[in-house]
Amino acid sequence: MCLQNKLVLKNIKIQGFYAGWLTENTGIDVLRIDELHPVVSGNKYFKLKYYLLDALQTGCHTVATFGGAYSNHIVAAAFACREYGLNSVGIIRGQKPATPSHTLTQAEGYGMQLQFVSRAHFKNRQPLHQSGNGVYFVGEGGYGALGAKGAAEILQCVPDSQYYTHIVCALGTGTMFAGLVNGSSPHQTVIGISVLKNNFSIADEVKLLINNNNSHGQYNIVHGNHFGGYAKHPPNLIGFMNELWTAHMLPTDIVYTSKAFYALRQMVIEKLIDAGSRVLFVHSGGLQGNASLPAGVLSY
Ligand SMILES: *Cc1c(COP(=O)(O)O)cnc(C)c1O
């Protein structure tokens, strides 16, 4: 049921991963949901799906959502709304830039109407936005129960998800992670790598989205792999990304998946993941974000 939706999505693949540091029968497979769709890349479509269906079912004509000038969520929402026949409004943090980002240009191209609000307003006003008058509000980054419900379907893309003992993903708002936990089974452990610096309140935010029963697996949020902070990409991270590409043909993005994969490697090397484990790494997309790097920095 993975591809049951209104968007035309390419088939996903599971990429086997072999490296010298993978000792003692530990195996990693990479779920390439980054390849689902060129625009609504990776996890964003899954997170949006039930919000958009809810908007249609409640008779709304417009979806409004929030994000920064480089938000993958904003572009994905613009595109997905157009596909669902909904108008879209993007409420963007900060002043309108003299030269709009690639992200914003793309979102406008998909018909999104952009509204710029000051950072202070962005922070204070957001909770006041209640859906009504035909306008349906989706929280920043798609955080919320319906987002997690959609993300739980990511595992339905895997022919035999029960095979895996560990599921590993990057964590921004934690919505995808919560969905993966809800979709997991008791014998599995879901590990989320936070890419924000010292964002310890994420544990509570995630907990609000996790089903209150024992039918899911264990879960664990790992901090300290932010490489200086959200979207920071020092040379050692870039080096790691180029190494993953050259040795394994695995493209990662500077914000989420490179940091998550780096953390996974550390956990395997430090034996924090038991030998013999079968790990599913969710490649959640975001590759379009690498376009903000100068040409030639990445070898792909
Ligand atoms: C948005 C995004 C995430 C974070 O998802 P959350 O549900 O907010 O935790 C992870 N990876 C990529 C590539 C993303 O674009």
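Where a number appears in this text, it was derived from the coordinates with a stated rule and is not lab data. Source: prediction; values computed, not measured. Backbone-built Cβ (ideal geometry, glycine too); neighbour counts: all protein chains shown.
Values computed for the structure shown
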read-out: Between segment 247-300 and segment 104-174, the alpha-carbon center distance in angstrom; value: 22 Å
read-out: Two-site label geometry, Thr105 and Lys232: point separation in nm, points 7 Å out along Cα→Cβ; value: 2.9 nm
read-out: Trypsin sites (Lys or Arg not before Pro), loop per DSSP, at most 16 other Cβ atoms within 10 Å - longest free stretch of the chain; value: 14-196
read-out: Counting DSSP beta bridges with both ends in segment 43-144, the antiparallel % (nearest 5); value: 5 percent
read-out: Gaussian network model of the chain, springs between alpha carbon atoms under 10 Å - residue of Ser71, Ser201, Ser185 with greatest fluctuation; value: Ser201
read-out: Cross-link table Lys47/Lys197; Lys47/Lys207; Lys197/Lys232; Lys123/Lys149; Lys44/Lys123, entries beyond 20 Å C-alpha to C-alpha; value: Lys47/Lys197; Lys123/Lys149; Lys44/Lys123
read-out: Relative contact order, percent, segment 43-144 [alpha-carbon distance under 8 Å, six or more residues apart]; value: 34 percent
read-out: Additional length obtainable on full extension of the chain from Glu270 to Gln15, 0.36 nm per residue less Cα span; value: 89.5 nm
read-out: Calculated FRET efficiency for the pair His129/Gln95, C-beta based, R₀ 30 Å, to 0.05; value: 0.90
read-out: Label point at Asp54 placed 7 Å out along Cα→Cβ; residues across segment 179-210 whose backbone nitrogen lies under 15 Å; value: 179, 208-210
read-out: Counting DSSP beta bridges with both ends in the chain, the antiparallel % (nearest 5); value: 10 percent
read-out: Per DSSP, loop GluC sites (Glu not before Pro) in segment 201-300 with at most 15 further Cβ within 10 Å; value: Glu270
read-out: Inter-label distance, nm, simple model (7 Å from Cα along the C-beta direction), Val297/Ser215; value: 4.5 nm
read-out: Estimated translational D of segment 142-279 in µm²/s (Stokes, Kirkwood radius over Cα pairs; 37 °C; 0.692 mPa s); value: 213 µm²/s
read-out: Gain upon complete extension [Ser185, Met249; 0.36 nm per residue less C-alpha separation]; value: 20.0 nm
read-out: Tensor-based shape of segment 43-144 (alpha-carbon gyration tensor, a/c under 1.5 rounded, otherwise prolate or oblate); value: oblate
read-out: Rg(Cα)/(2.2 N^0.38 Å) for the chain, N = residue count; value: 0.97
read-out: The chain: calculated mean residue ellipticity at 222 nm from DSSP helix runs of at least 4, using -39500 (n - 2.57); value: -9000 deg cm²/dmol
read-out: Pairwise label distance in nanometres, Ala203 with Asn87, each label 7 Å out on the Cα-Cβ vector; value: 4.4 nm
